[in-house]
Amino acid sequence: MHLSDYAVHDATGLSQLIQAKQVSPSEVRAAAFHAIEALNPQINALVETWNNEPAPHAGVFSGVPVVIKDLGITAKGRRNELGSALALGCTAEGDSQLMSRLRFAGLVPLGRTTTPEFAASTTTESRLYGPTRNPWNVERSAGGSSGGSAAAVAAGMVPIAHATDGGGSIRVPASLCGLFGLKPSRGRVPMGPDVDEVWSGLAVHGVLTRSVRDSAALLDAVHGSAVGDPFHIASPPTSFLEQSRLEPHALRIGVHTRPLNGQALHPAVQIALEQTMRHLEALGHQVEEVEPDIGVSWEAFVELNGRFWSSNTAAWIDAIAAATGRSIDAEHLEPATLALYRYGKTLSATELLGALHERNIVARTLGGFFEDYDLLLSPTLPGLAPMIGQYNAQQAHLDGRGWMNHVFNQSPFTALANVTGAPAMSVPLSQDPQTGLPIGMQFMGKFGAEGVLLGLAGQLERECAWAGRRPGVWAGKL
């Protein structure tokens, strides 16, 4: 299978070729490895490849390659290092529930992707494995924390990649790399068996794709509670894939034009948002500028997230240090991670309960917004992809709260969906005309309303046809 044929297909397209016996799973896997070997030195998306996986299960994506983020998911006998020297060499004893479901869907895991240390960033530039570069411009960041997964999909190494999202980590790299990224509702995809929730419920599993149908079909394959999960979300009346194909009814969409921290948008992002609003109106949707009330101040919002991030990170670090016998110090952890660790260790149980209380306030308040509107639109990010090194330049000089302020100032729109547990997606609707860098638009829905999001995403994909855009680093050019 030639790389130009391999790279042009999404996961669904490759699956259809395999099922029609026009190409074999081994040919598809060989093409994927060819792409990885040729392009990974340029963008550093994968830290390890696996070439001895068993034959794929006869599922909906049977024989289609996938890569796994090095965090939040485990594959039996494979290393799980979380982008950190503290966890170097740690190996999983078994498949996590999501890993089992990916295998059951027929996906063939080819390796693990880069992530910032403990996912505590929205750029992927770990000290352990180095920076992951954006296929659209290798001097720019691919975003984070699922930056390696995004870069691999954007470059055409694989059509689909596992990702996680605790504050925007699916949607941020989707926006910067020109991909579709859906963050599901809290509890839609199981996190177990070792944990029930990650980051006190902020984090969820998902994927990064080049097409809406791939994300919808994958969600169909993996959603649903597992034994022992703390909650259950009702399945949709029809499949997510079917909902992505249906023309949505006229939606009432509130538009959040300015971040809650008062930050100005990059001019190209502002133009892209205005174009999106006009396009939605042309499709028959009702669009209205709003200033959503989240029930707490911006400062309180960042603080409640900081308490979840830091306390969970501290517990994570303590457990890994105990298991490996390594010391919790600058030899094994980066400055920002150490700062979060120290922040987390100062918190009391009552302070964490206070964060849970404020999380409830935000969720209830924003829930009221969705009584009047179907969706909330904003840019995914206020700016364009930063240069490599720019994001982390000051991390050694920041304490834990300072690092949280920095992270949230870089991505002030995305974490609202994590706090409320609601679904949200980044849609690759625009590009900066001067640099060619992608610009994503974020749509957030009410809890459990992935179908509404996917319906609009499918409509926008049919109208805007972003699939033909190609980055400079692209497997199809080899």
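Coordinate-derived values only; no laboratory data. Since the model is a prediction, treat every value here as computed from it, not as a measurement. Don't worry about glycine lacking a Cβ; one is built from the backbone with ideal geometry, like all the others, and counts go over all protein chains shown.
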Computed over the chain, the convex hull of the Cα set has an average projected area, in nm², of 19.9
Where a ≥ b ≥ c are root eigenvalues of the Cα gyration tensor, a/c under 1.5 meaning rounded, otherwise prolate if a/b exceeds b/c and oblate otherwise, segment 383-478 counts as oblate
For the chain, averaging the sequence separation of alpha carbon pairs under 8 Å that lie six or more residues apart and dividing by its residue count, the contact order in percent is 19
Note to self, the chain gives a 222 nm [θ] from helices alone (DSSP H runs n ≥ 4, -39500 (n - 2.57) apiece, / all residues, nearest 500) of -12000 deg cm²/dmol
Using alpha carbon centers only, segment 120-142 is separated from segment 426-477 by a whole-angstrom value of 21
Looking only at lysines whose Cα falls under 28 Å of Lys21's and that sit 8 or more positions away or on another chain, we get Lys477
Length gained, Val227-Glu48, 0.36 nm per residue minus C-alpha separation, equals 61.3 nm
Any DSSP H helix in the chain with Cα axial reach of 15 Å or more and mean Kyte-Doolittle score of at least -0.5? Listed by number, the hits are 25-43, 212-222, 267-282, 298-324, 335-346, 349-369, 450-464
Total charge of the residues flanking Leu333 in space, meaning their Cβ is under 11 Å from its Cβ, with Lys and Arg +1 and Asp and Glu -1, is -1
Bridge orientation stat for segment 3-477 from DSSP, antiparallel percent rounded to 5, came to 70
For Thr209, the residues 5 or more places away or on another chain with a placed amide H closer than 5 Å to its own amide H are Phe180
Quick note, segment 122-176: a/c under 1.5 would make it rounded; otherwise a/b > b/c is prolate and the rest oblate (a ≥ b ≥ c, C-alpha gyration tensor); here it is rounded
For segment 206-302 the chymotrypsin sites (Phe, Trp or Tyr not before Pro) that pass both the DSSP coil test and the at-most-16 other-Cβ-within-10 Å test are Phe231
